[in-house]
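Shown next, in structure tokens, is the structure this report addresses.
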Amino acid sequence: MQIQINTDKRELKPHGQLSFPVLVTQEILSRYERGAFSWHWHPEVELTLIMEGSISYQINSQIFQLHAGDGIFCNSNALHTGHMINQEDCYYISITFHPRMIYGFEGSALQTEFVNPILDSNSFSAFLFSPDIPWQHQVLEQMRDIFTLSLEHPSAFEMRTQQLLSSIWTSLYLYGNTSDSPLSLLQGKNVERLRCILLYIQEHYMEHITLEDIADQINICKSECCRFFKKHMQQSLFDYLLYYRVEKSLALLADHTMSIAEISELTGFCNPAYFSRVFKKQLQTSPTQYRSEHLENSRHQ
């Protein structure tokens, strides 16, 4: 399983309904291929509460190590991904909602005075909640209450959920720092550069991509492009490209209709042997073994 995204890396899954744009789910990292969910973004805000285990959670260029009891705020349109730490699973609650749950209608005083300052802040792409800080502990408890409401669906479920979300938002507004400094404005520009690079790789991973091709997308030299990507993504451009190509091969291997040679060509590898070598280095198994294990698991489901 993997998050479904479009060519702009926007998540395709609906988050609630137009009449009530809230989605509350319980997630397990091991459900995703390689214990990680892919880079993506969505216009909705996301609150995450860790129930068991740990997760390395990256929002734009910030990396957080979250453990049981911690929570995090991911702002609207922020790029984010998460993966296991030391191959250990993680159970967490995801609460995704459209900001209009807070402000009601376009142009309202709630939107212009209290919601937009957070949504539009380059320095507020993420906020970590710790149970050791009283007001943040309260936010974490409110997130638990929202999850309980989603399970029980009591009378006035929607109204109670909206009240809790508004209370959380009020705490973020009162205690979070939403002011933009020159540094945070630069961070906003860097996020757009990252988004451009990731989009280019997603659209051209099956082709022969050069460093010059990628650098041209953001109008910087090749050496600066490498340095920029490594600084913000904590891995080299080349390593990320190989990671993404292997990730795209997984669904093709599970399909059982194409040969290993055909899959290696479709995912941008120069030959099947190189594909198998990179695949085994990343997943500690060969493409053929992965396909056999996937088929066996499918039979037992």
* Asked: What is the distance, in nm, between label points placed 7 Å from the Cα along the Cα-to-Cβ direction at His67 and at Met51?
  -> 2.0 nm
* Asked: Rounded, prolate or oblate: which one fits the range 183-299, using the alpha carbon gyration tensor with axes a ≥ b ≥ c (rounded when a/c is under 1.5, else prolate when a/b beats b/c, else oblate)?
  -> prolate
* Asked: Taking the simple approach of a point 7 Å from Cα along Cα-to-Cβ for both Asn86 and Ala273, what is their distance in nm?
  -> 3.9 nm
* Among His294, His80, which comes first, then next, by fewest other beta-carbon atoms within 10 Å? -> His294, His80
* When we measure straight from the Cα of Lys222, which aspartates and glutamates land under 12 angstrom away, once same-chain ones fewer than 8 places off are left out? -> Glu212, Asp213
* Among 238-247, 85-94, the order from most to least packed when residues are scored by Cβ within 10 Å on average -> 238-247, 85-94
* Given R₀ = 30 Å, FRET efficiency for Glu106-Leu199 by Cβ-Cβ distance, to 0.05? -> 0.60
* Structure fact -> A chain fully extended from Arg227 to Ser167 at 0.36 nm per residue, minus the present Cα-Cα distance, gains in nm 17.5 nm
* Structure fact -> Filtered hits (aspartates and glutamates, Cα-Cα < 12 Å from Lys230, offset >= 8 within chain) -> Asp239
* What is the Cα coordinate range of the chain on the first, second and third principal axes, sorted by size from largest, in whole angstrom? -> 58, 51, 36
* **Kirkwood estimate for the range 22-180, i.e. one over the average of 1/r between Cα atoms, Å** => 16.0 Å
* **Spin-label model distance (nm) - His153 vs Leu174, 7 Å beyond Cα toward Cβ** => 3.4 nm
* Asked: Once you list every other residue whose beta carbon is under 15 Å from the beta carbon of Ser264, what net charge do they have if Lys and Arg are +1 and Asp and Glu are -1?
  -> +1
* **Residues Thr25, Thr257, sorted so that the one with the fewest Cβ neighbours within 10 Å comes first** => Thr257, Thr25
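Computed from the coordinates by the stated procedures, all read-outs in this text should not be read as laboratory data. Keep in mind the model is a prediction, meaning the values are calculated, not measured. Heads up, the Cβs are rebuilt from the backbone with ideal geometry, glycines too, and the neighbour counts pull from every protein chain shown.
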